[in-house]
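Next up is a structure, given as structure tokens.
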Amino acid sequence: MLEEYLPYMWLIIFGNIENLILASQGVTSGVNPKVLGSLSIIAVILWLIIGFVATDIARQYSNMINFIGGLAIFILGIQSVYGAVKSLKAKKESK
């Protein structure tokens with residue numbers, strides 16, 4: 001039974017990394033942590049429901065889904081680091 005879900009292992013890993021990146025972007029933007037946590041939990045629950053419903057349909061596209069997920073994580077990571085560095089520079093200049 002576990003073998004059926006092995007193609008989605010990377011998607012699970014990418015999803016967790018994406019959640020961490022989005023949370024760090026929210027923190028650096030000054031979002032209320034309680035609101036951010038609540039929205040994060042809602043997003044995870046929605047993805048879980050979509051995963052259960054669409055697993056059979058998506059199985060044939062698992063390689064493409066993994067690639068797109070990895071690309072999204074890469075882009076979000078670059079965007080997050082850029083925003084954090086920009087924010088730190090602005091704070092140093094204002095002192």
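The values are calculated or read from the model by the stated rules, or taken from the named source; none is laboratory data. Remember, it's a predicted structure, so these values are computed and weren't measured experimentally. Because the Cβ atoms are built from the backbone with ideal geometry, glycine has one as well, and the counts that use them run over all protein chains shown. Just so you know, the surface numbers come from the protein's heavy atoms only, side chains and all, with ligands and any DNA or RNA stripped out. Shrake-Rupley method; radii C 1.70, N 1.55, O 1.52, S 1.80 Å.
Taking all protein chains as present, what is the carbon and sulfur share of the accessible area of the chain, in % to the nearest whole number, probe 1.4 Å?
On the way: 5680 of 7730 Å².
So the carbon and sulfur contribution to the accessible surface is 73 percent.
Shifting gears a bit: If packing is taken as the average count of other Cβ atoms within 10 Å, what order do 46-56, 19-29 fall into, highest mean first? Intermediate values should be presented prior to the final figure.
Working: 46-56: 11.3, 19-29: 15.4.
Ranked by mean Cβ neighbours within 10 Å, highest first: 19-29, 46-56.
Let me ask something additional. With a 1.4 Å probe and every protein chain left in place, work out the accessible area per residue of segment 33-86 in Å², rounded to a whole number. Could you put the intermediate results ahead of the total?
Values: 4260 Å² over 54 residues.
Ligands and nucleic acids excluded, the figure is 79 Å² per residue.
Let me spell out the model: positive unit charges on the Cβ of Lys and Arg, negative unit charges on the Cβ of Asp and Glu, origin at the Cα centre of the chain. What dipole size does that give, in debye rounded to 20? Intermediate results must be reported in sequence, preceding the final value.
On the way: 7 positive and 5 negative charges, 158 e Å.
Charge dipole, the chain, about its Cα centre: 760 debye, nearest 20.
Could I ask something else about it? Hey, what do the phi angles of segment 15-31 turn into as Karplus ³J(HN,Hα) couplings, whole Hz, using 6.51/-1.76/1.60 and θ = phi - 60°, x for Gly and Pro?
x, 5, 5, 4, 4, 5, 5, 5, 5, 5, 5, x, 5, 5, 7, x, 6
Relative contact order (percent) for the chain, with alpha-carbon contacts under 8 angstrom and 6 or more residues of separation?
Values: 34 pairs, mean separation 48.6, N = 95.
Over the chain, the number comes to 51 percent.
Here's another thing I want to ask about it. Throw me the Rg/Rh for the chain, computed over C-alpha atoms with Kirkwood Rh, two decimals.
Reported Rg/Rh (Cα atoms, Kirkwood Rh): 1.09.
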